[in-house]
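Here, each number is a calculation from the coordinates, and none is a lab measurement. Computed from a predicted structure; not experimentally measured. Virtual Cβ from ideal backbone geometry, glycine too; neighbours counted across all protein chains shown.
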Amino acid sequence: MKRSISFLVLMLACAGMMAQPKLNFANTRHDYGTIKEEAGKQEAVFNFTNTGDSVLVLTRVQSSCGCTAADYTKSPVPPGGKGFVKAVFDPKGYSSRFAKSVTVYSNAKPAVTVLVIEGNVAPREKTVEELFTFAVGPVRFQSNHLAFTTTTKSEKKIRVMPVINTSKEPATVEFEGLPAHLQLKVSPATLKPGEKGIIEGTYDAKLNSSAWGNVNDLVRLKVNGQSQPNIYLYVSANLVEDFSGLNAQQLASAPVFKLDSNTVNFGKMKQNSSADVEYFFTNQGKSDLIIRHVKAGCGCTALMPTENVIKPGARGSIKAKFNSGGYKGQIYKNIFVYTNDPKNSEVMLMIKGEVLVDEASNK
């Protein structure tokens, strides 16, 4: 009899030890369908039941980027009890399909459950001010920058930019002081009230023969016959040599611009002083190396070599002067060299060093 009672107590104890909570969600995915970007934050509620035979506790709820776990049941849920996890998605800034996760941690087995919210965001229609950011009187341009990007020296490139007349009267746009290599026109020539048009720009690099690398022009604007003071359209291009016509034999016999080092360290220097640096190079190719242009960044001056045509096997150098001015601490400045070496047509040189602060003059 005593043995039977002991066995019964043991069975009850084992049953208690085997009792487990069970987290059972009605659904683990929520599809919003298509929502508008301007619709604001969207909630998704995931309901669950503890279908186990022990108390269920949600220990933590963590959301992925772009989604917030706004709320969840924090009190213990008894067997048969119900609870929820609420997720919030903000569609602002989205314009396509999305899928985000919410990870639920609990004392159930398995201890981790992943919920998913998904859908599609229809982007809001942008305002005229957002689409045309550069305002010049009644006319708005898409930007104040017309970029021709990389343009070969033998190329004539065309770029366009949208414009709109936001006024209730006709408007005309003209461009003053255009350089020879740049043409700009608006089509239609007169914009009706609310009408959109385009600026068509033509960059003829052959007519800008002395310029190399990143160059820019500031173009003055005239609207309805009135000059716009201190308002400019910024036009840029990166002018490079055209090597596309060279055959294999010409490439094999091309010049080779080989630097001893592309970096010179001037060491330490005081403010409001200068340091001279020099870069040495060799033409390791089979034809004449031509130094087309040397351009220095802010804070330094670079000089073209005395001889800008370097024979095969010959050496040359490029000198530069760095002016420390009010700089302080570690300094890095760039110099760009443009050559007729097909593989090194644009080479960046670096000046580096440390400018020491004169404590006496800064008191």
Rounded to the nearest 0.05, what FRET efficiency do Q183 and N230 have when you use their Cβ-Cβ distance and R0 = 22 Å? 0.40
Segment 102-143, relative contact order [Cα under 8 Å, separation at least 6], %: 22 percent
Taking the convex hull of Cα positions in segment 248-356, its mean projected area over all directions (nm²): 6.2 nm²
First select every other residue whose beta carbon is under 14 angstrom from the beta carbon of G325; then total the charges, Lys and Arg +1, Asp and Glu -1. +3
With no solvent and one point per C-alpha, what does the Debye sum give as log10 I(q)/I(0) for segment 17-122 at q = 0.10, 0.19, 0.22 Å⁻¹? -0.30, -0.86, -1.05
Hey, quick one: spin label on R60, modelled 7 Å out along Cα-Cβ, who in segment 98-135 has an amide N within reach, i.e. under 13 Å? 103-107, 112-113
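Any idea what the relative contact order of the chain is, in percent, if you count C-alpha pairs under 8 Å spaced at least 6 apart? Can you show the working numbers first?
Working: 865 pairs, mean separation 38.6, N = 363.
It rounds to 11 percent for the chain.
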Could you compute the net charge surrounding F48? Neighbours are other residues with a C-beta less than 10 Å from the C-beta of F48; K and R count +1, D and E count -1. +2
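Could you order the peptides 245-254, 150-159 from most to least packed, using the average number of other C-beta atoms within 10 Å per residue? Display every interim value, and only then the final one.
On the way: 245-254: 10.5, 150-159: 14.8.
Final packing ranking: 150-159, 245-254.
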Over 5 Å intervals from 0, what percent of Cα-Cα pairs in segment 128-240 sits in each interval? 2, 12, 23, 24, 17, 11, 7, 3, 1
Quick one, which of (i) 82, 26, 19; (ii) 49, 31, 15; (iii) 66, 36, 22 is the actual semi-axes √(5λ) of the Cα gyration tensor in Å calculated for this model? (iii)
Express the relative contact order of segment 216-295 as a whole percentage, based on alpha carbon pairs under 8 Å and six or more residues apart in sequence. 25 percent
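Taking neighbour Cβ counts within 10 Å as the exposure measure, how do Y332, Y32 sort from fewest upward? Could the numbers behind the result be given before it?
Working: Y332 11, Y32 17.
Result, fewest neighbours first: Y332, Y32.
Could you work out the local net charge near D276, counting Lys and Arg as +1, Asp and Glu as -1, over the other residues with Cβ closer than 9 Å to its Cβ? Don't skip to the end; give the middle numbers.
Values: positive: K319, K321; negative: E278.
Neighbourhood net charge equals +1.
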